[in-house]
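Here is the structure we will look at.
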Amino acid sequence: MRPSQWNTLVAGLLLTPIPYIGHAETYLTEDQAAAVLFPGVKLEARWMELTPAEIKTITKMSGEKPLSSRTRVFWGPDHEALFIDRVLGKHEFITYAAAINADGTVKGIEIMDYRETYGYQVREAAWREKFVGKSTADPLQLDKDIPNISGATLSSKHIANGMRRLLHTYALLKTRL
Amino acid sequence: MRLRHGLSLLSIISAFIMGTPMAQADESPFAYVYTTESLPKGHWEYEQWNTLRTGKAAGEYTSFDLDNEFEHGFTDNLQISFYLHSSFLHSRNTPDPDELTTNLENQNSFDLNGVSAEFKYRLLSAEKDLFGLSLYAEPELGVRNKLTGTDTVERSIECKLLADKHFLNDRLILAANIVFEPEWERENDERSKELKNEYLLGASYRFVPHWSAGVEFINRRLFEDQDFAKQGASAFYLGPALHYADQRWWASFTILPQIAGHPQTLGVDATGNPVSDSFRHFGEYEKMEIRLKFGVEF
């Protein structure tokens, strides 16, 4: 190869991969998530503050420490609840909505924000349905009762851990009502 | 093939700064230490490694190593890559580490160093197993000695054992690599062989979304004739590492000054002056390395 060709090659390699600016993917707002998970149900939105003792209990029971003492909950008339929660993704937080029935089982989950490189399968219904019917009695662990998503192991693991934490949070907060 | 007057170091850096490209492959929070992560099946990534090696015991010595890599995930655990290695070398009045009484040829040139292929297979995932573990092999064919800039024919295979462990909800990553790289070289009809051996450690913490900071440590060793009884040079590097990652690209930046090395005294140069340092080795290795590595998924 002639020097001029090397020059072109190197310049091309340096300049070709122009930065691809990542953009936030917001799929659902809080109201939209509520409408999807509890259609036709009138929900009351509240911020609830977890006490240090409650945080300690949730951490002990679920194995996951809440990221914040403030919890966003939409309560239904029969004490069913919709949690707006977030867990760590590889690069950013993943925001999701978790619907919990009055008997403490999972009604469904919806991914509200996802901005990771891989693992958009966490939004697919087939994967999210694996959570339906789970309760505090279930392990909610990757490769046990929740399947791993290749390329997004960290995201799927953290969502499963987050759901386990929310089920225990629900059980505790319900006693306040 | 040599570009003596084609590309200057400045133009390369300028082109890099102005057109910063990025890729997202087996993203690592480190510029030197490998993690066990691999590209998911079917994905492609471009990585560019920009390494500045500078400073010898005497004379002027700076090398800007430019390595381009294309990666592909063949399965979720097997990743294969192709590398194009090149460097811009500036040396002036620098004693040849193999023959101190003569200097390296003064040069200011950009050239291709060689090509290589990387095979990385993950056995355990740090994100769901107790720790991560991967095997790595990289056969390389070299046409230019990266240290001296002389034409050569070099064959090598870099073998690595990679391990990592995640803590604190996957925000803290500890990683360790062991590297053995036998090399066979033919230069001016003279044949030689050596073994490169490295131990790398890294710790990185994601302190806010997108950003991680940490440290990297490397011990590099050289064994002549691929004989463990004939240890030549050894050098220790320690420095800070900074990492940024977004949805489609990431970058890792590390500064590694040499903090200790052996042997410190190499001998005397052509003028009878000693070629030495009080605590570092400057024959095979340099005073400082700085690497900016970035990746872009495509």
Once A and B are treated as a pair rather than alone, how much accessible area drops out, both sides summed, in Å² to 100, probe 1.4 Å?
3500 Å²
Which whole number in µm²/s is D for segment A:72-129 by Stokes-Einstein, with the Kirkwood Rh taken over Cα pairs at 4 °C and 1.567 mPa s?
106 µm²/s
Mind checking the per residue accessible area of segment A:31-177 for me, 1.4 Å probe, whole number of Å²?
43 Å²
Counted charge near B:Gly59, where neighbours are those whose Cβ lies closer than 11 Å (Asp, Glu -1; Lys, Arg +1):
-1
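How would you order B:177-190, A:154-167 from highest to lowest mean count of nearby Cβ atoms within 10 Å?
Highest-to-lowest ranking by the protection proxy: A:154-167, B:177-190.
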Roughly what percent of Cα-Cα pairs across segment B:22-297 reach past 24 Å?
50 percent
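First compute the accessible area of the protein assembly as shown with a 1.4 Å probe, then give the percent of it belonging to carbon and sulfur atoms.
Of the solvent-accessible surface of the protein assembly as shown, carbon and sulfur hold 57 percent.
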Expressed as a whole number, the average count of other chain Cβ atoms within 10 Å around the Cβ atoms of B:106-117 is 1
How many Å² of accessible area per residue for segment B:36-124, probe 1.4 Å?
35 Å²
Return one number: the angle in degrees, 0 to 90 and rounded to the nearest 10, between the long axis of the Cα atoms of helix B:9-18 and the longest principal axis of the Cα atoms of chain B.
20 degrees
Averaged over residues of A:140-147, the number of beta carbons from other chains lying within 10 Å of each residue's Cβ is 1
Would you mind giving the mean number of other chain beta-carbons within 10 Å of the Cβ of each residue in B:237-248, as a whole number?
3
Enumerate the helices in chain A for which the Kyte-Doolittle hydropathy averages -1.0 or more and the C-alpha atoms extend at least 30 Å along the helix's axis, using complete DSSP H runs.
A:153-174
Taking the convex hull of the alpha-carbon atoms of segment A:21-174 and averaging its shadow over every direction gives an area in square nanometres of 8.5 nm²
Please report Rg (one decimal) and Dmax (integer) in Å for the Cα set of the protein assembly as shown.
26.8, 92
Rounded to two decimals, what is the ratio between the C-alpha radius of gyration of segment B:61-180 and 2.2 N^0.38 Å?
1.37
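The values are calculated or read from the model by the stated rules, or taken from the named source; none is laboratory data. Worth saying up front: this structure is predicted, and the values here are computed from it rather than measured. Counting neighbours? That spans all protein chains shown, and the Cβs are built from the backbone with ideal geometry, glycine included. For the accessible areas, the whole protein counts, side chains as well, though only heavy atoms, and no ligand, DNA or RNA atoms are used. Shrake-Rupley method; radii C 1.70, N 1.55, O 1.52, S 1.80 Å.
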